[in-house]
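These notes concern the structure reproduced below.
All of the numbers you see were taken from the coordinates with simple rules; none came from a lab. Quantities reported herein were computed from a predicted structural model and do not represent experimental measurements. Heads up, the Cβs are rebuilt from the backbone with ideal geometry, glycines too, and the neighbour counts pull from every protein chain shown.
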Amino acid sequence: MKNIGIDVKLPEKECTDVNCPFHGHLTVRGQIIVGTVVSNKMNKSIVVRKESKELIKKYERYATKFSKYHAHLPDCIDVKPGDKVKIAECRKLAKTISFVVIEKVD
């Protein structure tokens, strides 16, 4: 198991996934995003939804905005819809996937 340079809990399981940042050859860099898992129906991939609040000055109210990210899910991390996860940016793995799950947040 290698150090990925980010302070996260290491997964307990071993995996043979080449695109795992802990057990494979994938490097992570750039953004780190915390969001909620919306779907895990893809093969080794999930959809993560990030929520942010934006102030509308005219009405002195906050509007909630959502962003969806597709992320690769290594075999050593188990998540299901509704779980909070931390994803990190990596190289492009597919047309829409440029993030990888690095931790399940409690």
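Kindly provide the set of residues from the range 1-38 that are touching a Lys or Arg at 6+ places or on another chain (Cβ under 9 Å) and hydroxyl-bearing (Ser, Thr, Tyr), ordered by number.
Result: Thr27, Thr36.
Collect the residues in the range 34-73 that are β-branched (Val, Ile, Thr) and buried (at least 16 other Cβ atoms within 10 Å of the Cβ), keeping them in residue-number order. Talk me through it step by step, then tell me what you get.
First pass over the range 34-73, keeping only residues β-branched (Val, Ile, Thr): 34, 36-38, 46-48, 56, 64.
If the condition is that a residue be β-branched (Val, Ile, Thr) and buried (at least 16 other Cβ atoms within 10 Å of the Cβ), then Thr36, Val37, Ile46, Val47, Val48 are the ones that fit.
Of the numbered conditions (1) free of Cβ contacts under 8 Å to residues at least 60 places away in the same chain; (2) charged (D, E, K, R); (3) in contact with an Asp or Glu (Cβ under 9 Å, 6 or more places away or on another chain), Arg49 fails exactly one; give the number of that condition.
Just one mismatch for Arg49, condition (3).
Filter the range 1-58 down to the residues that are farther than 24 Å from Lys95 by Cα and part of a strand (DSSP E or B) and list them by number.
Selection gives Ser52, Lys53, Glu54, Leu55, Ile56.
Is there a residue being in a strand (DSSP E or B) and touching a Ser or Thr at 6+ places or on another chain (Cβ under 8 Å) anywhere in the range 90-106?
Scanning the range 90-106, I find at least one residue that is in a strand (DSSP E or B) and touching a Ser or Thr at 6+ places or on another chain (Cβ under 8 Å), so the answer is yes.
Within the set of pairs 6+ apart or on separate chains, which have a first residue in the range 91-102 that is without any contact (Cβ under 8 Å) to a residue 40 or more places away in the chain, a second that is of a type in the set (Lys, Arg), and C-beta atoms under 8 Å apart?
Ser98/Arg91; Ser98/Lys92
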